[in-house]
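Peer 1: Here it is: the structure, laid out below.
The numbers here are math on the coordinates, done by the rules we state, and not lab data. This is a predicted model, so every value here is computed, not measured. Cβ sites come from the backbone with ideal geometry, for glycine too, and all protein chains shown count toward neighbours.
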Amino acid sequence: MNDFTQNKVQETPPPESARCRAPAAMETDVSRSIAVAAGLAQQFAELDLFQRLAAIRAQIPGGLVFTTSFGLEDQAIAHAIFAQALAIKVATLDTGRLFPETHEVWAETERRYGVRMRVFAPERKRVETLVAEQGIDGFRSSVAARKSCCAIRKVAPLARALAGVAGWITGIRADQSANRAGLSFASFDAQRDLIKVNPLFDWTREQAAEFVQAHRVPYNALHGRGFLSIGCAPCTRAIGPGEPERAGRWWWEQAEKKECRLHFAPDDRVGRASAAQT
């Protein structure tokens, strides 16, 4: 097993020194992070995926976490991390409502690379309270109910996964949705106090598929059944001809509401303080 991936995590709060920094030191740290994000964004156009991940590791001091949901893009990034044995922790959010096929590709990925994913699950009592209040599929009753479910099953575990790290790597692509096109290659996330990097931001889905095929990377069997964007089982369906890639996510809601606050602020605005656009 690679020593930078584990199946259990001892969660600890940020060190006291980090929580008690003087305002001037904090301002300096933010300026430095913004500069690092801008530098990465400027370099990425000339780099392949392997080089992008290596540059992220080399240029962001401190802990790095890549969060995967085992979709096509995430599998490509995971391959670039594991193939180079980069010191980047790979974490996943097990919401308790994932497809069996997602668990299957998760297990296949661990076997292929000899790793264990870091797993972050929702708090049991909060899930029990949510289901008691909403019912098992009560999230379909309103946008607010669905976001409450996402907050407990996804957003809160993500906060634990990112606690104390310097950088967060995601599989976001600009062409996945209009909301995501407003993001960037790299930015300073003021809410989480870290650098957020999207190394596939300029890729198409076709490029991700070609990469996965070329490197024989395990992928979710649901992709071959019309599921282009895969989340929780009750909130994801296959898409039809001509539908946008994320049309199958929370399909009963309006298009502008199809995010779960992992990448956006509570009011669905892009969640970033300073971004390096390309």
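Peer 1: Of all the residues that make up the range 70-97, how many are among the small types (Gly, Ala, Ser) and within 12 Å of Leu158 (Cα to Cα)?
Peer 2: Final tally of qualifying residues: 1.
Peer 1: Condition first: farther than 21 Å from Cys150 by Cβ, in contact with a strand residue (DSSP E or B) (Cβ under 8 Å, 6 or more places away or on another chain) and of a type outside the set (Ser, Thr, Tyr). Can you find one or more residues in the range 98-121 that meet it?
Peer 2: yes
Peer 1: In the range 180-221, how many are under 21 Å from Val165 (Cα atoms) and not in a loop (DSSP other than H, G, I, E, B)?
Peer 2: Residues that pass the stated criteria total 8.
Peer 1: Looking only at the range 196-219, which residues are in contact with a Gly (Cβ under 8 Å, 6 or more places away or on another chain) and farther than 14 Å from His79 by Cα?
Peer 2: Lys196, Val197, Asn198
Peer 1: I'm told Pro122 meets every condition in (1) in contact with a helix residue (DSSP H, G or I) (Cβ under 9 Å, 6 or more places away or on another chain); (2) in contact (Cβ under 8 Å) with a residue 40 or more places away in the chain; (3) part of a loop (DSSP other than H, G, I, E, B) except one. Can you identify the failing condition by its number?
Peer 2: With respect to (1) in contact with a helix residue (DSSP H, G or I) (Cβ under 9 Å, 6 or more places away or on another chain); (2) in contact (Cβ under 8 Å) with a residue 40 or more places away in the chain; (3) part of a loop (DSSP other than H, G, I, E, B), Pro122 is out only on (2).
Peer 1: Take the range 141-160 and flag every residue that is hydroxyl-bearing (Ser, Thr, Tyr) and either closer than 30 Å to Leu64 by Cα or part of a helix (DSSP H, G or I) (or both).
Peer 2: If the condition is that a residue be hydroxyl-bearing (Ser, Thr, Tyr) and either closer than 30 Å to Leu64 by Cα or part of a helix (DSSP H, G or I) (or both), then Ser141, Ser148 are the ones that fit.
Peer 1: Then there is this: State yes or no: is Arg116 basic (Lys, Arg), free of Cβ contacts under 8 Å to residues at least 60 places away in the same chain and surrounded by fewer than 20 Cβ atoms within 10 Å (Cβ to Cβ)?
Peer 2: So Arg116 fails the test.
Peer 1: A follow-up question, please. Need a quick list: helices (runs of 4 or more DSSP H) entirely within the range 22-85 having at least 3 residues that are more than 28 Å from Arg205 (Cβ to Cβ) and in contact (Cβ under 8 Å) with a residue 40 or more places away in the chain.
Peer 2: 23-44
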